[in-house]
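Q: Pasting a structure here, questions to come.
The values are calculated or read from the model by the stated rules, or taken from the named source; none is laboratory data. Just so it is clear, the model here is predicted, and its values are computed rather than measured. Backbone-built Cβ (ideal geometry, glycine too); neighbour counts: all protein chains shown. Please note that ligands, DNA and RNA were not included when accessible areas were found on the heavy atoms of the full protein model with its side chains. Shrake-Rupley method; radii C 1.70, N 1.55, O 1.52, S 1.80 Å.
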Amino acid sequence: MASECWERLKKNPPILELASTPLLLALLCIQYAETKNFPSNRAALYESALATLLTKWDSKRNIRRPELYKNLTLKRKESMFARVAAESFEKNQYFIKERDLTRMIAAFIEHIPDFKAETLEPDSLAILKAIEAQHGIFVERAKNVYSFAHLTFQEYFTAKYISNNARSGTLEKLVDQHLYDSKWKEVFLLTAGLLDNADQLLHLMHGKAEEALEIPEINALM
C-alpha cells in the first residue's frame, strides 16, 4: 500500500507538495489508507483526513481523556479547533500562551450540555493535554506556549470557521479586511473549497477589487 500511495502522490504534484513534513505526510497516508485515493482539492483532502485523524488516530492507544472531551462529537471538536484557529489567526498569533489557549477552549466548552462551571479551569487544561496527546493538533513549543502542529492546520480551521459561519458575515469580513494580505491567501483558497457554492465569496472579492479601482488617488495616476 505504501508504494501505491507514493506512486499516486508523484502523479499529483499539488498534493505531493503538501508532504513537506512528516506530520502532513502522515495525514496524506491516513487519507489514502481510508479511501485509496486523494481528493481533487486541498480543502476536501484536509476535511477528510482530519476527520479520520480526530476519530481513529488513537483508537488502539491507551490514552486517558477527560470525560467531557471524550464525549465531544467530531463536529464539536472541529468547531472548537475552528474557533481557536480563527481567533488566533486573526491576531497573527501563531504561538499561543497556555492560559490563552485554555481560555479559548473554556469559552467553547462552557456552552456544552452538562457543563459544570466549578470544573471549567481544570477541564479546559485537561482537554488541551488530551488533544496534544491524542491528535497532535496542538503542540507545546516551549514551556506553557503552544501552537497548531502546522500552520496548515491553523489555516484550514480558520477557513472552516469562516465557511461554517458565512451567514453571520464572516465572508464579508474576510474580504473587507484581508483580501490584499498575502498571509491570508491560503485561507481564501481553503474557504472557497469548503463552501458549497463559492459564488458569494467571488462576488465579494470582485466588488472589493472594483472599489480599489474607483479610489480617486489611483484613478489620477492612471
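Q: Gaussian network model of the chain, Cα springs within a sub-10 Å range: biggest mean-square fluctuation belongs to which of Leu194, Leu23, Leu101?
A: Highest fluctuation among the options: Leu23.
Q: Given springs between every Cα pair under 10 Å in a Gaussian network model of the chain, which of Arg99, Arg167, Arg76 has the largest fluctuation?
A: Sorting by GNM fluctuation, first place goes to Arg167.
Q: Okay, moving on. What's the magnitude of the charge dipole for the chain around its Cα centre, counting Lys and Arg as +1 and Asp and Glu as -1 at the beta-carbon? Answer in Debye, nearest 20.
A: So the magnitude is around 1020 debye.
Q: Taking only the alpha-carbon positions of segment 1-52 and ignoring solvent, what does the Debye formula give for the base-10 log of I(q)/I(0) at q = 0.26, 0.31 Å⁻¹?
A: For the requested q values the scattering log ratios are -1.05, -1.54.
Q: Follow-up question, since we're still on this one. What would the Debye equation give as log₁₀ I(q)/I(0) for segment 84-212 at q = 0.11, 0.16, 0.17 Å⁻¹, counting only Cα atoms as equal point scatterers?
A: -0.46, -0.85, -0.92
Q: Test of understanding: given the chain, find the longest segment containing no GluC sites (Glu not before Pro) that are in a DSSP loop and have at most 13 other Cβ atoms within 10 Å.
A: Counting at most 13 other Cβ atoms within 10 Å as exposed, the longest clean stretch of the chain is 111-213.
Q: Same structure again: Roughly how many percent of the accessible protein surface of the chain is carbon and sulfur, given a 1.4 Å probe and a whole-percent answer?
A: Of the solvent-accessible surface of the chain, carbon and sulfur hold 53 percent.
Q: With every protein chain present, what is the per residue accessible area of the chain (1.4 Å probe, Å²)? Don't skip to the answer; put the middle values down first.
A: On the way: 12600 Å² over 222 residues.
Result: 57 Å² of accessible area for each residue.
Q: Another one. Send over the semi-axes of the chain's equivalent ellipsoid, whole angstrom and largest first, taken as the square roots of 5 times the C-alpha gyration tensor eigenvalues.
A: After diagonalising the Cα gyration tensor, the semi-axes are 32, 25, 15 Å.
Q: Sticking with this one: Given Cα pairs under 8 Å that are at least 6 residues apart, what percent is the relative contact order of segment 95-199?
A: 21
Q: If each DSSP helix of 4+ residues adds -39,500 (n - 2.57) and the sum is divided by the residues in the chain, what number results at 222 nm, nearest 500 deg cm²/dmol?
A: Working: 13 runs with 144 residues, N = 222.
Result for the chain, helices only: -19500 deg cm²/dmol.
Q: Near Lys143, which lysines are there with a Cα under 16 Å away, not counting those fewer than 8 places off in the same chain?
A: Hits, sequence-local ones excluded: Lys97, Lys129.
Q: Further, regarding this structure: If I model a spin label as a point 7 Å beyond the Cα along the Cα-Cβ vector, how far apart are those points for Asn197 and Glu98 in nm?
A: 4.8
Q: Between Glu211 and Lys10, what FRET efficiency comes out of the Förster formula 1/(1 + (r/R0)^6) with R0 = 35 Å and r the beta carbon distance, rounded to 0.05?
A: E(calc), rounded to 0.05, equals 0.20.
Q: Would you mind computing, in nm to one decimal, how far apart the modelled labels at Ala44 and Ser182 are, each placed 7 Å from Cα along Cα→Cβ?
A: 3.0
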